[in-house]
Each structure stands twice: as structure tokens, then as C-alpha cells.
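Below is one structure, written out as C-alpha cells; comments come after it.
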Amino acid sequence: MKVNFNIDNGVALIELDDGKKNAVTLDAANQILEALEEAEAAADAIVLAGRPGAFCAGFDLATMTSGDQGAIGKLAGAGARILLQLYGTGKPVVAACTGHAFTIGALWLLASDTRIGEEGPYKFGMNETAMGMVLPDWAIEPLKARLNPTLFLPVVAQSVTLDPATAVTAGFLDKLVPSGQALDAALAAARELAKLPASAYAGNKLVPRQRALEIMSAGVAA
């Protein structure tokens, strides 16, 4: 996966593009982490964007089905650290959801402050139950905080997949724009959010998350 990063007028843009469905490899995850660290240090707001047709389809399937527990653990851990950094930054984070979002990609949407999706034949979901997996605490906390309670059980326990309109109802997205417009809309939103007083934004965003962030941090460190 290619991870493009730049900062323009205080807004950091992190774009993911593997030419396919944006499955996350360990190398890509490390690049995203590096970009987030630079954005944290130098930007006023952050935009995380996918490629046309795909925001993020989840972890690289070849790694996750390899049976190599060391490689699986490293990849899952890197994805978890990205989730924690997105959820725990005091800066505004806007997601440009340009298509499908599953598992870790769907969690990154939940960790973003404002999520702008595109209309189209896209799917959203958490398929861990279907894969025989139990979600760790670092994943459960943002799901508890941001998913519509009436859809929590279908999404988390029953692996129900959602279309874009239902993803808005569920809480994965905030709004939809026509196909091809999510990135421009996300950048515009980030520029507006960057104008808000930074310390007040960070305080009002993070104080209510303190306990959740402690739980997530403990899970990531385990």
C-alpha cells in the first residue's frame, strides 16, 4: 500500500492507496503511524482518506490467515496503535470515506471526529464474529461510544453488513456526498475545524474519553 502524506495550510492529509481494496499491511500501518506522529506535531487538523471505491477493507488477509502468530500480532498491534492515536489526539480528525470500510477500517472511522462518506454500492461492517474472533477491549471501546445502540448487536455480534445510508444511521458515518466528493468535503471540514481554539477543542473532545482511552491503552500495551 502507498501512503501519501502532506500538510497544506495546517491540514494534514493521509491518503491510503494499494490500488485495490486498501488492505493494511504491517509496512502500511507503520507508514500511517509515522504520518500521524508528524501530523500531531505539525498540523492543526488531520484528514484520513481512502482511494476511489475503498476506504479500508481491513487487515491484509494473507497475513491474518498465515498462521504466523507473531506476524498476526504485529499487524493487529500496529492497527490498534493507529486506532488509539486517532481516538486520542486532541486535534480534529476528518475521515474521507471513499468506499468500503471493514474491521480495522470501520474502527478508524469510529475514531475520527467527522466522517464523510460517498453514495455508492459500498459495504460497512465488523466481520470478526463470522471469522470466529472476539474483539479486544481496544476495539470495543470506540464501538460502544459511537455506534447506535440499536445496531450495536447486529453489527458487532452478528456481523451484519451495512450500506452507506445505514452506516450513517449506525454511526460509522456522519453524512454522505455524491461519488467522488468525499475528499474535497473532508478537507473543507478540516479547514473549518482547524479554526476552532485548539486547547478548548482538545479538552472537550478528550476529557469524556479519558476512561475509554485508559482501557484502550492497556489493551494495546498487553
Förster radius 45 Å - calculated FRET efficiency between Leu61 and Val207, Cβ distance, rounded to 0.05: 0.75
The chain, relative contact order [Cα under 8 Å, separation at least 6], %: 21 percent
Distance violations [Cα-Cα > 28 Å] among Lys2/Lys123; Lys2/Lys144; Lys21/Lys144; Lys2/Lys195: Lys2/Lys144; Lys2/Lys195
Computed E for Leu33/Ala157 - FRET, C-beta separation, R0 22 angstrom, nearest 0.05: 0.15
Dipole moment magnitude, nearest 20 debye, region 5-92 about Cα centre, only Lys, Arg, Asp, Glu C-beta charged: 320 debye
Theoretical gain in end-to-end length, Glu119 to Thr150 [0.36 nm per residue, Cα-Cα removed]: 8.9 nm
Residue-span extension gain [Ser179 to Gln69] - 0.36 nm each, minus C-alpha spacing: 35.7 nm
Calculated FRET value between Ala200 and Asn4, using beta carbons and R₀ = 41 Å, to 0.05: 0.85
Alpha carbon centroid spacing (whole Å) that separates region 1-70 from region 84-108: 10 Å
Accessible-area order (highest first, 1.4 angstrom probe) of the listed residues Arg146, Arg115: Arg146, Arg115
Virtual spin-label span in nm between Glu214 and Glu192, 7 Å along Cα→Cβ: 3.5 nm
Computed [θ] at 222 nm, helices only, for the chain once each DSSP H run of length n ≥ 4 contributes -39500 (n - 2.57): -14000 deg cm²/dmol
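The values are calculated or read from the model by the stated rules, or taken from the named source; none is laboratory data. These numbers come from a predicted model, not from an experiment. Glycine also receives a Cβ, built like all others from the backbone with ideal geometry; neighbour counts cover every protein chain displayed. The accessibility values were calculated without ligands, DNA or RNA, using every heavy atom of the protein model including side chains. Shrake-Rupley method; radii C 1.70, N 1.55, O 1.52, S 1.80 Å.
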